[in-house]
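For reference, the structure is listed below as structure tokens.
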Ligand code: FAD
Ligand code: DHB
């Protein structure tokens, strides 16, 4: 087997890269360890930045998103029992976010690739990336038990935080930066109508809570928990009681409850590897960096990376120039670190840290008060939340 770009992982990064390359006539093959059913059913992120929405629309993937997604022009920051609206659109010249689940984006991408005759191999095993420093890197894998080799010009490591690509780089070639947070998120899907028109990010003495949505009938809610806790520790009644306490905001508002359809605990860490390239292997998305979910940046960063990578590969195949590929890591990392900063800042402002340091808590309230009362501070939050621009320098 041979292709120009071998892509490891059919998450948002890998599938979108394959789609963007296809639109420029560059062939690729995507290898995925899980089944199509599994990747299309995994519940993850839900917030798409303006730039992500624009890119999906411009590349023919926006139809269902526009119909079924929810465009939100603001978010609410709630603390001390009171809500404060951040008017994203007014503060950013009309930009907004769209709430549309990651697995719906995945379904749209898989369909687009398969309809266009794209090659995605699901449920492959024993994936190995080889000869990364040569001009002919190879991916070896098993398909239906048979050992197969895929000869490539380039390999894109889009295999997420637990993949094989990053660990295939000699450790001395990479620098890791990491921060682990002393809390996690408990996430649920509930069958209920929306309790609010926009997302609510809430700080309470008992910890963080977030009200998000999926459809008119299904809601997505999160609350801060201990990272050692499991789904078994939280009965449905306990979950609703905790959410009601944390989100209480006077008599005019109540969280609407309903049957809980899904529960999960999400660990929180910040992680970056530098550089995002080794020879002809390019890392994109979660394989190169992880953000805590508070800023809703994980999926959007994966999209931004592959946009930069696709532009560099297109330039290479069109004109033979390799300078954009050489600058790939540097171009992405400038934006990655700003998203890391924003995610760390939102996380630090909105969570209760164990130990209950009253000084820190006062600072958090002061910060929230400042962000919700100063146009300058609110604008800084808004422009990061809707997404900083992607710089395609020299493309
Ligand atoms: P992934 O989506 O992880 O895709 C990688 C793909 O590679 C997977 O399909 C995987 O099966 C496959 N793969 C792995 N190893 C191999 C291999 N050896 N060979 C071939 N394929 C392989 N972000 C938010 O902003 N908000 C959230 O609420 C949020 N919730 C999350 C909840 C969970 C449980 C997780 C894990 C992540 C969450 N994220 C969230 C982060 C966001 O979903 C990710 O940033 C995003 O999925 C990154 O896309 P990706 O394509 O880089 O990686
Ligand atoms: C969702 C996830 C996030 O991480 C976030 O900050 C906002 C919303 C969601 O899954 O809807």
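Among the residues of segment 118-135, those that are touching a residue at least 40 places away in the same chain (Cβ under 8 Å) and either surrounded by 15 or more Cβ atoms within 10 Å (Cβ to Cβ) or within 16 Å of ligand 1 (Cβ to nearest atom) (or both) comprise 118, 119, 120, 121, 122, 123, 124, 125, 127, 128, 129, 132. Residue 99 meets all of the listed conditions (1) more than 16 Å from ligand 2 (Cβ to nearest atom); (2) over 12 Å from residue 383 (Cα atoms) but one, namely (1).
Out of the residues in segment 20-38 that are more than 21 Å from residue 297 (Cβ to Cβ) and buried (at least 19 other Cβ atoms within 10 Å of the Cβ), state the one that is farthest from ligand 2 (Cβ to nearest atom). Checked segment 20-38; the qualifying residue farthest from ligand 2 (Cβ to nearest atom) is 26. Of the residues screened, residue 281 is not one that is within 16 Å of ligand 2 (Cβ to nearest atom) and in contact with a strand residue (DSSP E or B) (Cβ under 6 Å, 6 or more places away or on another chain). Is it the case that residue 138 is closer than 30 Å to residue 75 by Cβ and more than 11 Å from ligand 1 (Cβ to nearest atom)? Judged against the criteria, residue 138 is not a match.
Answer with yes or no whether residue 294 is at pLDDT 95 or above and in contact with a helix residue (DSSP H, G or I) (Cβ under 8 Å, 6 or more places away or on another chain). Full working, then the answer.
Values: at pLDDT 95 or above: yes; in contact with a helix residue (DSSP H, G or I) (Cβ under 8 Å, 6 or more places away or on another chain): yes.
Yes: the conditions hold for residue 294.
The residues listed here are 307, 335, 321; of these, the one that is in contact with a helix residue (DSSP H, G or I) (Cβ under 8 Å, 6 or more places away or on another chain), in the same structural domain as residue 106 (by TED's automatic domain parsing) and assigned to a loop (DSSP other than H, G, I, E, B) is 321. Can you spot a residue in segment 164-185 that is in contact with a helix residue (DSSP H, G or I) (Cβ under 7 Å, 6 or more places away or on another chain), closer than 30 Å to residue 5 by Cβ and within 16 Å of ligand 1 (Cβ to nearest atom)? Yes, there is a match, as at least one residue in segment 164-185 is in contact with a helix residue (DSSP H, G or I) (Cβ under 7 Å, 6 or more places away or on another chain), closer than 30 Å to residue 5 by Cβ and within 16 Å of ligand 1 (Cβ to nearest atom). Considering segment 289-303, the residues that are near ligand 1 (Cβ under 8 Å from one of its atoms) and not in a helix (DSSP H, G or I) include one that is surrounded by the fewest Cβ atoms within 10 Å (Cβ to Cβ), namely 290.
If we only count strands (runs of 3 or more DSSP E) wholly inside segment 219-286, which ones have 2 or more residues that are surrounded by fewer than 16 Cβ atoms within 10 Å (Cβ to Cβ) and touching a residue at least 40 places away in the same chain (Cβ under 8 Å)?
On the way: elements: 260-266, 269-274, 281-283.
Because the criterion is at least 2 residues that are surrounded by fewer than 16 Cβ atoms within 10 Å (Cβ to Cβ) and touching a residue at least 40 places away in the same chain (Cβ under 8 Å), the strands (runs of 3 or more DSSP E) in segment 219-286 that meet it are 260-266.
Scanning segment 59-82 for any residue that is within 16 Å of ligand 2 (Cβ to nearest atom), within 18 Å of the chain's Cα centre (by Cα) and assigned by TED's automatic domain parsing to the domain that holds residue 147 turns up nothing.
Rundown of residues vs (1) surrounded by fewer than 16 Cβ atoms within 10 Å (Cβ to Cβ); (2) under 25 Å from the mean Cα position of the chain (by Cα), yes/no style:
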residue	(1), (2)
346	no, yes
353	yes, yes
358	yes, no
378	no, yes
384	no, yes
392	yes, yes
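Restricted to segment 81-118, and to residues there that are modelled with pLDDT of 95 or more, touching a strand residue (DSSP E or B) at 6+ places or on another chain (Cβ under 9 Å) and part of a loop (DSSP other than H, G, I, E, B), the residue that is nearest to residue 367 (Cα to Cα) is 96. Can you say whether residue 197 is under 21 Å from residue 123 (Cα atoms) and more than 11 Å from ligand 1 (Cβ to nearest atom), as far as the supplied structure shows? In short, no.
Please tell me if residue 198 is in contact (Cβ under 8 Å) with a residue 24 or more places away in the chain and surrounded by fewer than 16 Cβ atoms within 10 Å (Cβ to Cβ).
On the way: in contact (Cβ under 8 Å) with a residue 24 or more places away in the chain: yes; surrounded by fewer than 16 Cβ atoms within 10 Å (Cβ to Cβ): no.
Considered against the rule, which asks whether it is in contact (Cβ under 8 Å) with a residue 24 or more places away in the chain and surrounded by fewer than 16 Cβ atoms within 10 Å (Cβ to Cβ), residue 198 comes out as no.
Taking the listed residues 115, 108, the one that is within 18 Å of residue 302 (Cα to Cα) and away from ligand 1 (no atom under 11 Å from the Cβ) is 108, with no other qualifying.
Scoring residue 203 on the criteria (1) part of a strand (DSSP E or B); (2) away from ligand 2 (no atom under 12 Å from the Cβ); (3) within 21 Å of the chain's Cα centre (by Cα) leaves a single failure, condition (3). For residue 148, the test of being out of contact with any strand residue (DSSP E or B) (no Cβ under 9 Å at 6 or more places or on another chain), in the same structural domain as residue 29 (by TED's automatic domain parsing) and touching a residue at least 40 places away in the same chain (Cβ under 8 Å) is failed. Against the numbered list (1) within 18 Å of the chain's Cα centre (by Cα); (2) away from ligand 2 (no atom under 16 Å from the Cβ), residue 44 comes up short only at (2).
The values are calculated or read from the model by the stated rules, or taken from the named source; none is laboratory data. Note that the structure is predicted; figures quoted are calculated from it, not measured. All Cβ positions, even for glycine, are placed from backbone atoms using ideal geometry, and neighbour counts span all protein chains on display.
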